[in-house]
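The values are calculated or read from the model by the stated rules, or taken from the named source; none is laboratory data. None of these values were measured; they are calculated from a predicted model. Using ideal geometry, Cβ is built from the backbone for each residue, glycine included, and neighbour counts are taken over all protein chains shown. The accessibility values were calculated without ligands, DNA or RNA, using every heavy atom of the protein model including side chains. Shrake-Rupley method; radii C 1.70, N 1.55, O 1.52, S 1.80 Å.
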Amino acid sequence: MGGTEMVHVRGRADAPVTVTLVEFADFQCPPCANLSEPINQLERDYRSRLRIIFRHFPLPNHQHAREAALASEAASLQNRFWEMHDLLYREQSVWSKAPDARVLFSAYAGMLGLSIDRFRKDMESEQAKARVTSDEQQAITLGVRTTPTIFVNNHEVSHAHLNPAGLRGSIDAALRARTPVSSTP
């Protein structure tokens with residue numbers, strides 16, 4: 001998908017970013033949930049020097065992972081992707097064990113002030129499904145097999161470094177490797 005591809009980015013779109021962190025994740029993956037807030041904190045700490053991109057990779061062994069990905073995309077269609085992202089990870093222990101997670105996802109949509117009817121329709125939409133499928137195809141192309149898989153400036157972060165300190169170290173190394181960008185007007 002070319003330049004029209006919708007990407008979930010945290011960080012100012014117009015910022016002079018020097019490091020990009022791309023995360024392939026599954027909303028039902030406990031290690032992904034454990035990294036969610038630390039990654040949010042990294043974005044706050046590095047501000048305009050770091051851009052975070054989230055990509056879906058729902059694993060087949062997680063019963064509600066695909067539904068959760070579709071719920072986040074439905075929220076995205078009402079401009080609330082990141083709010084739903086954070087809520088899904090925060091409440092993972094609740095919805096991941098529910099017999100019908102969609103009921104909870106609709107409740108979360110209500111908590112975020114979304115139109116519930118539109119949210120439910122959007123969860124079933126081809127647009128939401130296409131976004132998840134597009135991310136999965138990119139993951140497969142890159143050889144992603146597990147979640148979380150994180151790339152910092154196109155270099156995969158080793159599983160040993162998938163923790164707050166390891167990610168910070170990877171970002172700092174990427175910043176040191178970059179030449180300073182001229183700030184002349």
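Relative to the longest principal axis of the Cα atoms of the chain, the long axis of helix 126-142 lies at roughly 40 degrees. Summarising the amide proton neighbourhood of H8: residues at separation of 5 or more, or on other chains, whose placed amide H is nearer than 5 Å comprise F54.
Remark on the chain: ratio of C-alpha radius of gyration to 2.2 N^0.38 Å is 1.04. The share of accessible area on the stretch 37-131 that comes from carbon and sulfur is 50 percent, using a 1.4 angstrom probe. Taking each residue as 0.36 nm, the span from M111 to E156 lengthens on full extension beyond its C-alpha to C-alpha distance by 12.7 nm.
For a test of the definition: using alpha carbon positions, the gyration tensor, and the 1.5 limit on a/c, classify the stretch 45-142 as rounded, prolate or oblate. Since a/c stays below 1.5, the shape of the stretch 45-142 is classed as rounded.
Solvent-accessible area per residue in the stretch 35-185 equals 53 Å², computed with a 1.4 angstrom probe and all protein chains kept. What the phi angles of the stretch 19-30 give under the Karplus curve with 6.51, -1.76 and 1.60, with θ = phi - 60°, is a coupling list of 9, 10, 10, 10, 10, 9, 9, 10, 5, 9, 7, x Hz, glycine and proline written as x.
For the stretch 100-144, backbone nitrogen atoms closer than 14 Å to the point 7 Å from R90 Cα along Cα-to-C-beta are found at 108-113. Between V19, V103, V157, find the one with the highest GNM mean-square fluctuation for the chain; connect C-alpha pairs within less than 10 Å. Top of the fluctuation ranking is V103. Of the residues H159, H85, the one with the largest accessible area comes first in the ranking H159, H85, computed with a 1.4 Å probe on protein heavy atoms. Across the stretch 27-100, the mean sequence separation of Cα contacts (distance under 8 Å, 6 or more residues apart), normalised by length, yields a relative contact order of 43 percent.
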